[in-house]
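Bear in mind that the values in this text are calculations on the coordinates, not laboratory data. Just so we're clear, the structure is a prediction, and the values are computed from it rather than from any experiment. Quick reminder, even Gly has a Cβ in these numbers, built from the backbone with ideal geometry, and neighbours come from all protein chains shown.
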Amino acid sequence: MSADSPLQTLRSGWWEPQIDRAVLKGLMKRADGPGLYFLAVWGVLLVAAGWGIHLARETLWLMPAVVAYGVVLGFAYAPSHECAHGTAFRTRWLNEAVLWASSFIWGEAPTHRRFAHSHHHTHTWHWKVDAQMGYTNPVRLRIWFGDVIGLLEFWPRAKLMVRHATGRIVDRERVYLPAGQDRVVIREARLLIAGYAALLAWAVIGQTWVPMLYFFFPRFAGAFAVYAFITTQHMAMAQDVRDHRQCTRSMSNSWLSRVLYWNMNYHIEHHICPSVPFHALPALNAAIRDQLPKPSPGLIAAHVEIVKVILAQRRDPGATASHPLPSTAAAVRSASGR
Amino acid sequence: MWVTLCGTGEVPSEDVLEVQRDGHVYCAYRLSGRHYVTDGLCTHGVARLAEGFVLDDIIECPMHNGRFHIPTGRVDGPPACEPLRTYPVRVEGGSLQIQLPG
């Protein structure tokens, strides 16, 4: 079908890269190996950090050990996100099993997450439309700080889960949640809460600190690390534009960060082609790099940019991060006639 | 009523071809030598399934990764909830035909 077909789809009007269909198909291929490898690295780090907590018990090192373990634990976000897309593993039951385990740690029921996140992909960073856009430009410093430490997320997510567990779905969720899914969402919220309650009951009845030291305390104390990554995805970027290169930020990260974050530093690439699994995002980047802005050079650089934009927005509320496109991108656009 | 959709040779093996006819979007598939035709737009959101991914006998939507079983149209994975319409097919002289009501 020609590119200028009058057919209106959810992608209509959004910028799309020029990439050979066969190449893109190849990048969409699913595999179990990469996900198991990323999970194994995460698991080894978790065990090592957990051993650190064990060694630090009854010493002043306990708090840093809990924070370090929590930093690793918080990256449950990454497999939970990828499995919610259904692209983490070729084997479906493995995808669903990891989705449930990581979503329990992350604290978001799978089905609600899937639908809300789908909406985010449809309407990426469109204010009052995107179900996962929690703030608008101009951004305040307190919003940036709250988002980085996770405070903006924990309380609303807890309230959401309790509300769903009590059987209440509100109008704004109707936009992305089909009525037929109500039962599933409610059941999943109850299941997660029952799981957390069981851990608390274990702590109280069993007179043990284990659930607190290895789950609840670190989950709060170490959340800032993964949120530092998540915050960079869209904050201070342009909003209400149909070009992921302008409303989304990619970063260059270290090997360890990429593994823990399941390559979500390639965030523009992920939004452009959500069917491309995490392990193929570097290859997708290589295929369309000439059409993309340069990634932020790292996590700290991304936050420096965000804070600079926030300060600039005090004078000019319309200021956003500027990520110039390479000259080759202009050539591609011109050649495609779009 | 049988109508011609496309030539059988146009349909890639183990993959999908989008065909528009009379304002309707179809997807034609050839899986293990057998032809199948479904509607071409995802039932979850208006996305072109032909831009998605064929994995064995499953078509995955490129937009939100909803999945459908190609031979039957049943939903294989969320966020898709409504099944995909499938069509009876036959091959006539190198043409892929589908049966439409009326």
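Numerical summary
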{"item": "³J(HN,Hα), Karplus 6.51/-1.76/1.60, whole Hz, each residue of the stretch B:64-73, x for Gly, Pro", "result": "10, 6, x, 10, 9, 7, 4, x, 10, x"}
{"item": "In Hz, Karplus ³J(HN,Hα) per residue of the stretch B:81-91 (6.51, -1.76, 1.60; θ = phi - 60°; x = Gly, Pro)", "result": "10, 8, x, 8, 6, 10, 10, x, 10, 8, 10"}
{"item": "Lys/Arg +1, Asp/Glu -1 at C-beta; the stretch A:21-336 dipole; positive extreme among A:198, A:212, A:322", "result": "A:322"}
{"item": "Mean residue ellipticity (222 nm) of chain A, computed from DSSP H runs ≥ 4 via -39,500 (n - 2.57), nearest 500", "result": "-17500 deg cm²/dmol"}
{"item": "Tensor-based shape of the stretch A:124-184 (alpha-carbon gyration tensor, a/c under 1.5 rounded, otherwise prolate or oblate)", "result": "oblate"}
{"item": "Value of Rg/Rh across the protein assembly as shown [Cα atoms, Kirkwood radius]", "result": "0.99"}
{"item": "C-alpha long axis of helix A:92-106 to longest principal axis of chain A, angle in °", "result": "70 degrees"}
{"item": "Residue among A:176, A:37, A:135 with the largest mean-square fluctuation in a Gaussian network model of chain A, springs linking Cα atoms under 10 Å", "result": "A:37"}
